[in-house]
Amino acid sequence: MKRITTILLCIAVGLAVLGVPAAVGAVTGKLEIVHWWTAGGEGEALDAIAALFESLYPEVELIGASVAGGAGTVAKGVLQTRILAGNPPDSFQVHAGMEVRGHILAGVLEPITDLLDPAVFPKAVLDLCGYEGEVYCVPINVHRPNTLWVNKEIVDELGIAIPTLSDFDVFVAACEKAKAAGYVPLALGEAWTVNHLFGSVLLGALGPDGYRGLWDGSVPFTDPGVTLALERMKTLVGYANVDHAALSWDAAAQMLVDGKAVFNIMGDWAEGYFKAKGWEPGVDFVWASAPGTRGSFILCIDAFGVPKDAANKEAARAWVKTIASIEAQDIFNPVKGSVPSRSGADKSLYDVYLIWSMNDFATSELVPSLAHGGVLEALAGDIGDIINIFVTKPDVAGAQGSLNRAAIDAGL
Ligand code: GAL
């Protein structure tokens, strides 16, 4: 523990030099936080921000209540049970967008508008964190789900050119090449990662306006773009590992590290994972927009709020206030594989991929995430079920009919 104390002291001194506001008043007690950051990269990122918080609030005992399962598939259920029982954690990981909106409308969270400076957050981000003029969660990052990850050594060996991989047909040709050489072309994981992939494929097939229209009802799921997306999905899954249903997202990413698979389409928490495994961006792995999605940036924003029934509200408020600071975001995001959700970043702390992502975030069409709380939750769940049935039994017309019914059932 002495080592930890020394680290905390160094952070505290460093922060004082950086001018981070000191914690005001003595905040004490336990602070329990529910999250699902248990894999490589995301675990280290959480540790880093926890160390910062503990240095600012040494009298608070931070308890990370982790619930493994990427995209919060398991954590969300655990959280809901606790909320219904009137026993929420003091704070919890939640996606900005429709996911947090559900908690706001259900009266779970309290406004925390006074804890951040709205001027430093892009309006597009802050709008997803609030409702009717109040902010209900603090965004810690911005992830980019529509990213294609590439094992550099293998594509070099196979003579696959990287810059054009975002074109769907070029990507398919590259998958053919990889397959012929005995590699798994596309590493894929369990059910939610199939839905995640489908989000990028829909975006690629419909373009940003058409894709957005799916979620507000202005584009029906009977659209020919959805037919194209299902056909593309069928093609892509044909290049995936057959055991994908049994693999977590990080186990699928590991297939690239192990040199078994060439590509993976995953959010850039995979960047954090690759780095945690000792891979260097631009050297061991490279990236491109997921096929068909160049010029669009799917938003996946992790945030934390303060439940009305939190046992230690004061500590929860200290936690969200801390993560709103650029110092905290500059400690967390370079490890996590995400970019800050606010201005003021020290760009020298960010690697070549993250600078690319920052620029892309600033210049691209921003669209919501299907698998990470960006769209109506019930519809996203139904689409996840339909697309997972589809990949085992690829009936394009049948799946499209089911998608259309799900959208109608969701009120679109
Ligand atoms: C996402 C979350 C990311 C990352 C990923 C895999 O939903 O926003 O931060 O944790 O799941 O677990």
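Structure notes:
- Of all residues in segment 125-158, those that are open to solvent by 50 Å² or more (accessible area, probe 1.4 Å) and under 20 Å from the mean Cα position of the chain (by Cα) total 2.
- Set side by side, the residues V94, V34, V78, V100 differ, and just one is out of contact with any helix residue (DSSP H, G or I) (no Cβ under 9 Å at 6 or more places or on another chain), of a type in the set (A, V, I, L, M, F, W, C) and either within 27 Å of W249 (Cα to Cα) or within 16 Å of the ligand (Cβ to nearest atom) (or both), which is V78.
- Positions within segment 250-294 being assigned to a loop (DSSP other than H, G, I, E, B), within 16 Å of the ligand (Cβ to nearest atom) and open to solvent by 20 Å² or more (accessible area, probe 1.4 Å), in sequence order: K277
- Test for G374: is it out of contact with any Asp or Glu (no Cβ under 7 Å at 6 or more places or on another chain) and either assigned to a helix (DSSP H, G or I) or on the phi > 0 side of the Ramachandran plot (or both): no
- For K234, the conditions (1) without any contact (Cβ under 8 Å) to a residue 24 or more places away in the chain; (2) more than 21 Å from I154 (Cα to Cα); (3) open to solvent by 40 Å² or more (accessible area, probe 1.4 Å) all hold with the exception of (1).
- Qualifying residue in segment 172-187 (condition: closer than 20 Å to G381 by Cα, open to solvent by less than 10 Å² (accessible area, probe 1.4 Å) and either modelled with pLDDT of 95 or more or of a type outside the set (S, T, N, Q) (or both)): no
- Exactly one residue out of V367, V306 is open to solvent by less than 20 Å² (accessible area, probe 1.4 Å) and either in contact with a Cys (Cβ under 9 Å, 6 or more places away or on another chain) or closer than 23 Å to A39 by Cβ (or both): that is V306.
The values are calculated or read from the model by the stated rules, or taken from the named source; none is laboratory data. A quick note: this is a predicted structure, and the numbers were derived from the prediction, not measured. Note that each Cβ is placed from the backbone with ideal geometry, even for glycine, and that neighbours are counted across all protein chains shown. Side chains included, ligands, DNA and RNA excluded: accessible areas come from the protein's heavy atoms. Shrake-Rupley method; radii C 1.70, N 1.55, O 1.52, S 1.80 Å.
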